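The values are calculated or read from the model by the stated rules, or taken from the named source; none is laboratory data. Being a predicted model, the structure only gives us computed values, none of them experimental. Positions of Cβ are generated from backbone atoms using ideal geometry, with glycine treated the same way; all protein chains shown enter the neighbour counts.
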């Protein structure tokens, strides 16, 4: 995958690997479970539960791209850009900018 000139360029390519609504929903579910685990670990403990946050996201990626929308996920090559792209994708989902 080439170097990207802008985040918008990366996001456009990212969306091509996330065209199916159920794949996007599985990604969102993984993020929500990860966030819940992180908040629980920080608020109630034990702190080792923080390890579950990225694990939940990775399971969602595996299910989404393994079963629902097979593709060469860009998630592992550009993890920071991917995290930001996920958040933007979730915002676009909430605003109705992506097909349901």
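If a residue must be free of Cβ contacts under 8 Å to residues at least 60 places away in the same chain and part of a helix (DSSP H, G or I), how many such residues does the stretch 1-15 contain?
Number satisfying all stated conditions: 3.
If you go through the stretch 16-55 one residue at a time, how many are over 21 Å from residue 76 (Cα atoms) and not in a helix (DSSP H, G or I)?
3
Here's the yes/no breakdown for (1) out of contact with any helix residue (DSSP H, G or I) (no Cβ under 7 Å at 6 or more places or on another chain); (2) over 15 Å from residue 83 (Cα atoms):
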| residue | (1), (2) |
| --- | --- |
| 3 | yes, yes |
| 11 | no, no |
| 17 | yes, no |
| 26 | no, no |
| 39 | yes, yes |
| 42 | yes, yes |
| 47 | no, yes |
| 52 | no, yes |
| 60 | no, no |
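Can you tell me how many residues within the stretch 69-80 are buried (at least 16 other Cβ atoms within 10 Å of the Cβ) and farther than 21 Å from residue 3 by Cα?
1
Can you tell me which of (1) modelled with pLDDT of 95 or more; (2) over 19 Å from residue 14 (Cβ atoms) is the one residue 36 doesn't meet?
Against the list (1) modelled with pLDDT of 95 or more; (2) over 19 Å from residue 14 (Cβ atoms), residue 36 comes up short only on (1).
May I ask you to verify whether residue 80 is in contact with a helix residue (DSSP H, G or I) (Cβ under 6 Å, 6 or more places away or on another chain) and either without any contact (Cβ under 8 Å) to a residue 24 or more places away in the chain or not in a helix (DSSP H, G or I) (or both)?
For residue 80, the condition - in contact with a helix residue (DSSP H, G or I) (Cβ under 6 Å, 6 or more places away or on another chain) and either without any contact (Cβ under 8 Å) to a residue 24 or more places away in the chain or not in a helix (DSSP H, G or I) (or both) - is not met.
Every residue in the stretch 30-50 that is crowded, with 17+ Cβ neighbours inside 10 Å and within 16 Å of the chain's Cα centre (by Cα), please.
Passing the criteria: 30, 31, 33, 34, 37, 38.
Looking at 60, 83, 12 in this structure, which one is surrounded by 14 or more Cβ atoms within 10 Å (Cβ to Cβ) and out of contact with any strand residue (DSSP E or B) (no Cβ under 6 Å at 6 or more places or on another chain)?
60
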